[in-house]
Each structure stands twice: as C-alpha cells, then as structure tokens.
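> First the structure, then my questions, so here it is.
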Amino acid sequence: MTLNVSDDTRQLRAQPEARTTDYSLECRGVTRQLQSGSTALRVLDGIDLQIRAGEVVAIVGPSGSGKSTLLGLLAGLDRPTSGSVRVLGTPLESLDEDGLARLRRDGIGFVFQTFQLLGNLTARENILLPLELARVPNAAERCDGLLERVGLAARGHHYPSQLSGGEQQRIAIARAFAPHPRILLADEPTGNLDPKTGDAVLELLFELRAQHGSTLILVTHDARVAARADRKIEIVGGKVVTGSGT
C-alpha cells in the first residue's frame, strides 16, 4: 500500500488545536440501567474516568462487562441513567438531540466491528457523505485523497458488497477520519477480520491517528491491540477496576 500524506494533512498537523480542557473525555459517576422484564439490570455502575487529549486508550474486559455500552455513552449515542459524560469540555446532558448530532458530526469519528457502510452508496460516496453533511470545503478532493491514502483509489466506484472485509474496514476508517475528528471511537475494529488483514487495518488506524493527533479509544478483546495503547481501562461487571486515569 502506498502511503501518501496530503497537503490537507500537513496543514492540519501544522496547526495546533485550541482546547478548552486537557481531557477529551470524562465520566463522573456514570451508571446505565436497563429494564429486563421486572428486573433492573445495571450495565454500568459508577464509572469514573478521564482520557487526555491525544491519548490512545484500550477499553478491555470480558463479554457483557459494559465496554460497548460505555463507548455508546461517550459517543452520545445513548444517555446515562445517572452521572455526567463530558466530551471536548461539553457536558452531554446539556445537549439536546440536535446538539449531540452536531457534536458527533464535528468532533467524533466512529469505527464499527461490522463496518456499517451504507450499502446503496459506493465506497467513495460513503467517505464523501460526512464531508458533505459538514459542508467541508474541497470535500471531493479530501475524499479522493483519503481513498488513495487507504490504498483503495481504484475501488472507489465499488459498492460495499463488492469489497472484502478488510477493504470495507479501510473505507470505514477513511470515512471516520474524513472530517478530521478530535476523537475516534473504535468498537472491535479488527474483530471480523483474519489476523493478517486485521494487523494491516490496525496499522492504518494508528498511522492516521498519529497524523491527525486524534484521541483514540478502542474497545477490544485482542491483547495485541490493547498492547498498542498508551493505557488500558479494564471494566468488569460494569465497574472500572484498573486504569481510570487521574
């Protein structure tokens, strides 16, 4: 794969970000409770954590421990039953649904285990869509630069069903990075890939994160993926047991 750093990326690296806080993400006393019949199931139980701007953090723990639920709260895709989630200095409880959508559009990228590409759009159109929604200048040029960057310039006209799993995840990563998010959330990004393809996708994810200076939070069961992080946060039974930060 040929790796090219675009002029757009060079300009981004040359301009330090203005931040209102040293932390990209903070949770204070966060709980998430779900109703299962007549029983209240507490999926998260008093989560306290802080993640610094530019940090790479792996969230680990057994299945059912609440990792993906926490990621959804950090993305503003769900709301806690109690407690506070602060993203880029903004308490999410202060935002309505439109405000949360703007925050996700402007500040957060998301990479899913199941890719979540729109099947009726080509690979190029999947990357272009968030740029057009955000009214990014020179959206087409940025999109084409990312297609080349992930090694799929010749595949941009193909639909997701015509791409391999690894190719789909590379398109999903390009889409996530397209608006230059300050935070990238990844839920088992290599979970549906064979080890060799997963390693290649992981390298791409870390290379783009380093170039953009994004905060990266990974949910993973893979010890090799977790070992690449600056810090691990372990969740067991809905509680943080190690690595919450200070």
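The values are calculated or read from the model by the stated rules, or taken from the named source; none is laboratory data. Computed from a predicted structure; not experimentally measured. Glycine gets a Cβ as well: all are built from the backbone with ideal geometry, and neighbour counts include every protein chain shown.
> Hey, any hits in segment 228-246 for a residue that's touching a helix residue (DSSP H, G or I) at 6+ places or on another chain (Cβ under 6 Å), at pLDDT 90 or above, closer than 30 Å to Thr31 by Cα and surrounded by 23 or more Cβ atoms within 10 Å (Cβ to Cβ)? Steps first, answer last, please.
Here is the first cut: in segment 228-246, the ones touching a helix residue (DSSP H, G or I) at 6+ places or on another chain (Cβ under 6 Å) are 232, 235.
Keeping just the survivors that are at pLDDT 90 or above gives 232, 235.
Next, only the ones that are closer than 30 Å to Thr31 by Cα stay: 232, 235.
Next, only the ones that are surrounded by 23 or more Cβ atoms within 10 Å (Cβ to Cβ) stay: 235.
For segment 228-246, residues touching a helix residue (DSSP H, G or I) at 6+ places or on another chain (Cβ under 6 Å), at pLDDT 90 or above, closer than 30 Å to Thr31 by Cα and surrounded by 23 or more Cβ atoms within 10 Å (Cβ to Cβ): present.
> Identify all residues within segment 141-198 that are over 24 Å from Gly72 (Cα atoms) and acidic (Asp, Glu); write none if there are none.
Glu141, Asp144, Glu148, Glu167, Asp194
> Can you list the helices (runs of 4 or more DSSP H) found entirely within segment 147-229 that contain at least 2 residues being within 17 Å of Arg124 (Cβ to Cβ)? I'd like the intermediate steps shown before the answer.
Values: elements: 165-177, 195-212, 223-227.
Result: 165-177.
> I'd like the full set of residues that are farther than 12 Å from Ile235 by Cα and among the hydrophobic types (A, V, I, L, M, F, W, C), limited to segment 43-70.
Ile51, Ala53, Val56, Val57
Matching residues to (1) crowded, with 21+ Cβ neighbours inside 10 Å; (2) modelled with pLDDT of 95 or more; (3) touching a helix residue (DSSP H, G or I) at 6+ places or on another chain (Cβ under 7 Å):
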| residue | (1), (2), (3) |
| --- | --- |
| Val111 | yes, no, yes |
| Thr114 | no, no, no |
| Glu125 | no, yes, no |
| Val136 | no, no, yes |
| Gln162 | no, yes, no |
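> For residues that are of a type outside the set (Val, Ile, Thr) and free of Cβ contacts under 8 Å to residues at least 12 places away in the same chain, scanning just segment 32-65, find the one that is nearest to Glu207 (Cα to Cα).
In this case the residue turns out to be Gly64.
So that you can scan it fast, the table gives a plain yes or no per residue for (1) within 20 Å of Thr242 (Cβ to Cβ); (2) surrounded by fewer than 20 Cβ atoms within 10 Å (Cβ to Cβ); (3) in contact with a strand residue (DSSP E or B) (Cβ under 7 Å, 6 or more places away or on another chain):
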| residue | (1), (2), (3) |
| --- | --- |
| Ala40 | no, yes, yes |
| Asp48 | yes, yes, yes |
| Val60 | yes, no, yes |
| Gly64 | yes, yes, no |
| Leu70 | yes, no, yes |
| Leu77 | no, yes, no |
| Thr81 | no, yes, yes |
| Ser84 | no, yes, yes |
| Val87 | no, no, yes |
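> Among the residues in segment 94-103, are any surrounded by 13 or more Cβ atoms within 10 Å (Cβ to Cβ) and of a type in the set (Ser, Thr, Tyr)?
Among the residues of segment 94-103, not one is surrounded by 13 or more Cβ atoms within 10 Å (Cβ to Cβ) and of a type in the set (Ser, Thr, Tyr), which makes the answer no.
> Regarding segment 74-88, can at least one residue be identified that is of a type in the set (Asp, Glu), within 30 Å of Asp194 (Cα to Cα) and touching a helix residue (DSSP H, G or I) at 6+ places or on another chain (Cβ under 9 Å)?
no
> When you go through Val236, Val136 one by one, which is the residue that is aliphatic (A, V, I, L, M) and free of Cβ contacts under 8 Å to residues at least 60 places away in the same chain? So that I can check it myself, show each step before the final result.
Values: Val236 fails: free of Cβ contacts under 8 Å to residues at least 60 places away in the same chain.
The match here is Val136.
> Out of all the residues in segment 1-60, which are at pLDDT 95 or above, under 14 Å from Ser84 (Cβ atoms) and among the β-branched types (Val, Ile, Thr)?
Matches in segment 1-60: Val30, Thr31, Ile47.
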